[in-house]
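Beneath this line is the structure, given in C-alpha cells, with notes to follow.
The values are calculated or read from the model by the stated rules, or taken from the named source; none is laboratory data. Since the structure is predicted, the reported quantities are computational estimates derived from the model, not experimental observations. With ideal geometry, Cβ positions are generated from the backbone for all residues, glycine too; neighbour counts draw on all protein chains shown.
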Amino acid sequence: MRELIAARLWLTVYQLPPYAPELNPVEGVWSHLKRSLANLTKHSLDQLTALVKTRLKRMQYRPRLVEGLIAKTRLDLEPP
C-alpha cells in the first residue's frame, strides 16, 4: 500500500485510528436522527422507514446543522 501511495504524488493519505467515531461526521448525523426518533412508536417497518426518510430530508434542508456536525470533528476538510 505504501508503494501505491508513494507512486501517486497527487494523493494525500491521513492515518486515522482504527475506530474513531468522533472523527466521523456520519456518527453525528445518526446520533441526531436517533434522538429525533426517541419515544416514538411505529407499528410497521414501512412507517419507520417513512419517518426516517422525512427526518433525514429535514436535516438536508438545515445546512448549519450539517456544517456543525462536520465542525464537531475538528477535521480540516480543505486540501493541503
- [ ] Being over 12 Å from the mean Cα position of the chain (by Cα) and closer than 26 Å to Leu11 by Cβ is the filter here, so list the residues in segment 59-80 that pass it.
- [x] Arg74, Leu75, Asp76, Leu77, Glu78, Pro79, Pro80
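Considering Leu48, Leu40, Leu16, which residue is outside any loop (DSSP other than H, G, I, E, B), modelled with pLDDT under 90 and touching a helix residue (DSSP H, G or I) at 6+ places or on another chain (Cβ under 9 Å)?
On the way: Leu40 fails: outside any loop (DSSP other than H, G, I, E, B); Leu16 fails: outside any loop (DSSP other than H, G, I, E, B).
It is Leu48.
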Task: Subset of segment 32-45 that is surrounded by 12 or more Cβ atoms within 10 Å (Cβ to Cβ) and not hydrophobic (A, V, I, L, M, F, W, C) - its residue that is nearest to Leu11 (Cα to Cα) - done: His32
TODO: Mind listing just one residue for me: the one in segment 59-76 that is touching a helix residue (DSSP H, G or I) at 6+ places or on another chain (Cβ under 7 Å) and assigned to a loop (DSSP other than H, G, I, E, B) and, of those, surrounded by the most Cβ atoms within 10 Å (Cβ to Cβ)?
DONE: Thr73
Task: Pair list, Cβ under 6 Å, 6 or more apart: segment 1-28 residue in contact (Cβ under 8 Å) with a residue 24 or more places away in the chain, other residue of a type in the set (Val, Ile, Thr) and surrounded by 10 or more Cβ atoms within 10 Å (Cβ to Cβ) - done: Leu23/Thr73; Pro25/Ile70; Pro25/Thr73
Open item on the list: Conditions first: (1) in a helix (DSSP H, G or I); (2) more than 30 Å from Arg64 (Cβ to Cβ); (3) aliphatic (A, V, I, L, M). Leu33 passes all but one, so which condition is the exception?
Closed with: (2)
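Determine which member of the set Leu16, Leu56, Leu48 is under 24 Å from Glu78 (Cβ atoms) and surrounded by 10 or more Cβ atoms within 10 Å (Cβ to Cβ). Working first, answer last.
Working: Leu56 fails: under 24 Å from Glu78 (Cβ atoms); Leu48 fails: under 24 Å from Glu78 (Cβ atoms).
Going through Leu16, Leu56, Leu48 in turn, the sole match is Leu16.
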